[in-house]
């Protein structure tokens, strides 16, 4: 449940792992001039007009503590990905200081920086960034390979890392044979293979579909608990941040506007920008059904000769009582429950899905305002499917989704 | 006002001839060793062995149908009496491609790493590609004498630009996220080049080498004017004697060699290193792929 964050007394007592002090990043040809203007209080637009420079990160100062999952959140263009890359100096800061375990990253020599990246800090990318010329095991062993670890040793460690992320037996597969979720497991294994104490994750799960995303989030939380790693996780997804974050840092236009636990941010938002993430004046008026519909239900594609066994198996696997039946063109066909499927399967005959459709479920148009659908969602025993103008399946709204959304208004 | 550029060039050529003779001789000896070595070994090889090698390469890299084409067309060349001329031409092509690669690959890498180098090299490449070949054929003969060596050098000048350009392009087009991942995991500059950039630029680099081979074949006739020999001689003889038939025979042999080399080198760029396509089992991989993702 998103808002039930456990208040962890240990949190505040953990030692500081990464300390960020007055860090600026300015993109462009004349960063010093732009920095002076910025410190003199000029706006972004004025600075851009005067120097052609744009501001990536504007005076960021905060601490990341050892062993926490620290989320950097913001809209696109807020500087969150830049902030993450400043930590391992994939992007050079214009000014300011970053310390990891007390040593200054910002003034480190090239060699020391390379050693740090090999040993202590690794990264997972949104687009996976697996090297296509390498198979799974060689991708996972990549960091160890560049660090000069011998072949037998690095393969063993890479295999351990693959095992830790639940990807055994794919050592010699090509990465383009894997699904998105499996690719990101390889990305995670590659990052874990050198046993770094810090993991940087750049929207690592954003490219995955929601069911897999949740699974990967759980995996990450488990891996973090195992070794007490420090994880810095960039995300634009509120639910993801609330779900896995110990603390959340909210960025707006390159500035850090608030750092705190999910509770603190929800209860005492620093400004309207933060508030807009978490509390809407009246969610039920502002949101449309399509906005809160989520693809967390199992979907089954209806085609010739479908069997109920496979469908039941998938529902079982994802622990769902109902499944949405869609056509190849993603159009919504109907909804079945486990019980109705089993009954029609017993009765035998063709078109098992059709006859198993739950009769009392009518899809909601995505453009319907939330206030108009409250009653229907509340009275339905099942999540209610939402479809767009072309009758394509958008997602579904469950009672708990609804309550979560409404909770933000209070 | 007239400005006589030609006099200046003459002066430079003469200056080089007068002052750099030992250097020119050394270059000639170096390239001569490569060209003559390749030529001698290709000519020493019995025709059937050469044919078998090319047919097997075609079978391995391209497929059964193309191997049949290679066999039949080479049999035709042999029966036109042009086998050894073709081997001379092949050795010229291989030698100039080798030289072009040895110079061109590092140059392309340097271009990819520095915009300044790229800005300097690019117009030079334009010059090499567009300057009519006859213009540098004469100084090449003056510097290096007649024969296969100036032929190789003139061919290198004309055919090197694609491998330089496509190496540069290939490295620059490696996805930014691969480079970022390489850096994030602590690659040094040379590790980044050899483990990330070059492997991912390979298809482009191989396309460059393929183009270099094709261009060097198109220099065959011109190079034979300064005594490079090979199929170019046959064509040239045909032209000089107004003997259309002989010219055509030489021409068709050039085309056959071009097609064979083109298809074989193209296939080298298509697959990643280590994953060879086996003859008669071309469906094996896609099936494996679909079961893995299912």
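All of the numbers you see were taken from the coordinates with simple rules; none came from a lab. Note that the structure is predicted; figures quoted are calculated from it, not measured. Every residue, glycine among them, receives a Cβ derived from its backbone with ideal geometry; neighbour counts consider all protein chains shown.
Length gained on full extension, residue A:390 to residue A:104, computed as 0.36 nm times the residue gap minus the Cα-Cα distance: 97.4 nm. In chain B, helical runs assigned H by DSSP with n ≥ 4 each contribute -39500 (n - 2.57); averaged across all residues and rounded to the nearest 500, the mean residue ellipticity at 222 nm is -26500 deg cm²/dmol.
Here each label is just a point 7 Å from Cα along the line to Cβ, and for residue A:276 and residue B:14 those points are 7.8 nm apart.
Counting neighbouring Cβ atoms within 10 Å and putting the fewest first, the residues A:59, A:246 line up as A:59, A:246. Taking 1 over the mean of 1/r across every pair of different Cα atoms in the range B:55-171, what Kirkwood radius in Å do you get? 16.5 Å is the Kirkwood radius here. Axis angle, to the nearest 10 degrees, between helix A:180-192 and the longest C-alpha principal axis of chain A: 30 degrees. The DSSP beta bridges internal to the range A:289-407 are antiparallel in roughly 65% of cases. Beta bridges per DSSP, both residues in chain A: antiparallel share near 60 percent.
Sort B:15, A:353, A:273 so that the residue with the fewest other Cβ atoms within 10 Å of its own Cβ comes first and the one with the most comes last. Going from least to most buried by this count: B:15, A:273, A:353. A simple spin-label model places pseudo-atoms 7 Å from Cα toward Cβ; at residue A:403 and residue A:43 they are separated by 4.5 nm. The angle between the Cα long axis of helix A:210-227 and the longest principal axis of the Cα atoms of chain A comes to about 50 degrees, rounded to the nearest 10. Normalised by the number of residues in chain B, the average gap of Cα pairs under 8 Å and 6 or more apart makes the relative contact order 23 percent.
The slack between residue B:248 and residue B:26, meaning 0.36 nm per residue of separation minus the straight C-alpha distance, is 76.1 nm.
Neighbouring Cβ atoms from other chains, within 10 Å of the Cβ of residues in A:87-99, number 1 on average. Given Cα pairs under 8 Å that are at least 6 residues apart, what percent is the relative contact order of the range B:1-135? Here the relative contact order equals 20 percent. If you average 1/r over every pair of different alpha-carbon atoms in the range A:150-241 and take one over that average, what Kirkwood value in Å do you get? Computed over Cα pairs of the range A:150-241, the Kirkwood hydrodynamic radius comes out at 13.8 Å. Looking at the protein assembly as shown alone, DSSP beta bridges between its own residues are antiparallel in about 60 percent of cases. The value given for chain A is a Kirkwood hydrodynamic radius of 23.7 Å, derived from the mean inverse Cα-Cα separation. Between the alpha-carbon centres of the range A:378-401 and the range B:42-109 there is a gap of 66 Å. Each residue, residue B:259 and residue A:160, gets one label point 7 Å from its Cα in the Cβ direction; the gap between the two is 5.8 nm. Diagonalising the gyration tensor over the Cα atoms of the range B:222-264 and scaling each eigenvalue by 5 before taking the square root yields semi-axes of 20, 13, 5 Å, largest first. The stretch between residue A:54 and residue A:16, if pulled fully straight at 0.36 nm per residue, gains 10.6 nm over its current Cα-Cα span. Each principal axis of the Cα cloud of the range A:289-407 was taken in turn, and the coordinate range along them, longest first, works out to 43, 27, 23 Å. With contacts taken as Cα pairs under 8 Å and at least 6 residues apart, chain A reaches a relative contact order of 15 percent.
Relative to one another, the C-alpha centroids of the range A:198-213 and the range B:171-230 are positioned 35 Å apart.
Taking only the alpha-carbon positions of the protein assembly as shown and ignoring solvent, what does the Debye formula give for the base-10 log of I(q)/I(0) at q = 0.11, 0.12 Å⁻¹? Ignoring solvent entirely, the Cα scatterers give -1.18, -1.28. Residue exposure proxy: B:244, B:149, ordered by other Cβ atoms within 10 angstrom of their Cβ from fewest to most, comes out as B:244, B:149. Computed from Cα atoms, the angle from the helix A:308-317 axis to the main principal axis of chain A rounds to 40 degrees.
Dividing the convex hull volume of the alpha carbon atoms of the range B:31-113 by its residue count gives 105 Å³ per residue. Secondary-structure-derived ellipticity at 222 nm for chain A, considering helices only, amounts to -11000 deg cm²/dmol, per-run term -39500 (n - 2.57) for DSSP H runs with n ≥ 4. Over the Cα atoms of chain B, the radius of gyration divided by the Kirkwood radius equals 1.03; this is the Rg/Rh ratio. Here the Debye sum runs over all C-alpha atoms of the range A:51-158 as equal scatterers in vacuum, and log10 of I(q)/I(0) at q = 0.14, 0.15, 0.24 Å⁻¹ comes out as -0.73, -0.82, -1.40.
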